[in-house]
1. Being modelled with pLDDT under 95 and over 21 Å from the mean Cα position of the chain (by Cα), is that true of even one residue in the range 150-167?
2. How many residues are over 15 Å from residue 359 (Cα atoms), in a loop (DSSP other than H, G, I, E, B), touching a residue at least 40 places away in the same chain (Cβ under 8 Å) and in contact with a strand residue (DSSP E or B) (Cβ under 9 Å, 6 or more places away or on another chain) when one looks only at the range 74-92?
3. Does residue 233 satisfy the condition of being out of contact with any helix residue (DSSP H, G or I) (no Cβ under 6 Å at 6 or more places or on another chain) and either free of Cβ contacts under 8 Å to residues at least 12 places away in the same chain or within 26 Å of residue 132 (Cα to Cα) (or both)?
4. Which of the following residues is touching a strand residue (DSSP E or B) at 6+ places or on another chain (Cβ under 8 Å), part of a strand (DSSP E or B), assigned by TED's automatic domain parsing to the domain that holds residue 207 and under 28 Å from residue 224 (Cα atoms): 139, 126?
5. For the range 118-135, give me each residue that is closer than 19 Å to residue 305 by Cβ, out of contact with any helix residue (DSSP H, G or I) (no Cβ under 6 Å at 6 or more places or on another chain) and surrounded by 20 or more Cβ atoms within 10 Å (Cβ to Cβ).
6. What are the residues in the range 93-103 that are assigned to a loop (DSSP other than H, G, I, E, B) and touching a strand residue (DSSP E or B) at 6+ places or on another chain (Cβ under 7 Å), if any?
7. Tell me, which strands (runs of 3 or more DSSP E) wholly within the range 299-366 include 1 or more residues that are at pLDDT 95 or above and more than 15 Å from residue 90 (Cα to Cα)?
């Protein structure tokens, strides 16, 4: 059985994986490591935490508490790296010597290099406001894609939902069936969306996971926020410092389009420039692209389904990328000067595109 998988794997590599779906790539990658024990968090509970009827949701830590929960000193910087060829296919045959990483223009020593194998800690953040009620059934059905393709075999996941409150639906667990059950039974909420507070909650949870795990947040919802205490710039700043990569699937409804018309920003802004500005200032921006900006700021991927049935395709694509991407870590040399640090990753391969997180920001000490 294993020899057959090896034959398929190397045949696929020789052919550039072009004929395989993301789910098939995941199956091959994990099939080769079958028999290896699943990596589990030391304090991960055996199953999800179900909210009891009539109980108040656990309060979210204020934005100021989130700031102080993450150390200002940057001891290690981790960035996911996606390398694509001219046809858009992922390049999967590169080795550590093929990469160079720069921090503010200074080449760094790579401390850790991996291709899709490091275990994942994932926080799934799902909107549950009444705005997305028509799309809610499809969102729930995507739970099977999340557990099979995104979580796969070596991941732990937690689930958060948000409307007028931010609710922890499942603590970190490696039980795929339990996570799927939580997703399938999410209740619909009211007509508010505390998106940024939910993202802040997820980053706070991920910042406490072991550094050996890749930290990922997947947000499924409209790119609209109504009344969060946390600001988008603060959320992105803390995500960068905690080495959290934000993936997103932006839902679009008629009501969202009407509510989200920006008043003071271009319809097609430079997402990278906007992300850097938000991180530096810690502010919000009037834009319908907040989830796309969040993904851009952290090296993740934003999917924008035209129809709700594309949610499953978007989640499948994200899962395939997570389990085949390169991961590079380094310890910034010298002191950590205040201000924005630009990260640049290069490979010695022609005619390829490299995607990585653009940088991180160290705020002045008060």
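The values are calculated or read from the model by the stated rules, or taken from the named source; none is laboratory data. Remember, predicted model here, so these are calculated numbers, not experimental data. No Cβ is skipped: glycine too gets one built from the backbone with ideal geometry, and neighbour counts run over all protein chains shown.
1. no
2. Here the count works out to 4.
3. no
4. Details: 139 fails: part of a strand (DSSP E or B).
Just a single option satisfies the conditions, and that option is 126.
5. If the condition is that a residue be closer than 19 Å to residue 305 by Cβ, out of contact with any helix residue (DSSP H, G or I) (no Cβ under 6 Å at 6 or more places or on another chain) and surrounded by 20 or more Cβ atoms within 10 Å (Cβ to Cβ), then 124, 126, 127, 128, 129, 132, 135 are the ones that fit.
6. 94
7. Because the criterion is at least 1 residues that are at pLDDT 95 or above and more than 15 Å from residue 90 (Cα to Cα), the strands (runs of 3 or more DSSP E) in the range 299-366 that meet it are 326-330, 339-347, 359-362.
For (1) touching a helix residue (DSSP H, G or I) at 6+ places or on another chain (Cβ under 6 Å); (2) over 21 Å from residue 75 (Cβ atoms); (3) in contact (Cβ under 8 Å) with a residue 40 or more places away in the chain, each residue gets a yes or a no:
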residue: 313; (1), (2), (3): no, yes, no
residue: 319; (1), (2), (3): yes, yes, yes
residue: 323; (1), (2), (3): yes, yes, yes
residue: 328; (1), (2), (3): no, no, yes
residue: 332; (1), (2), (3): no, no, yes
residue: 338; (1), (2), (3): no, no, no
residue: 356; (1), (2), (3): no, no, yes
residue: 359; (1), (2), (3): no, no, yes
residue: 363; (1), (2), (3): no, no, yes
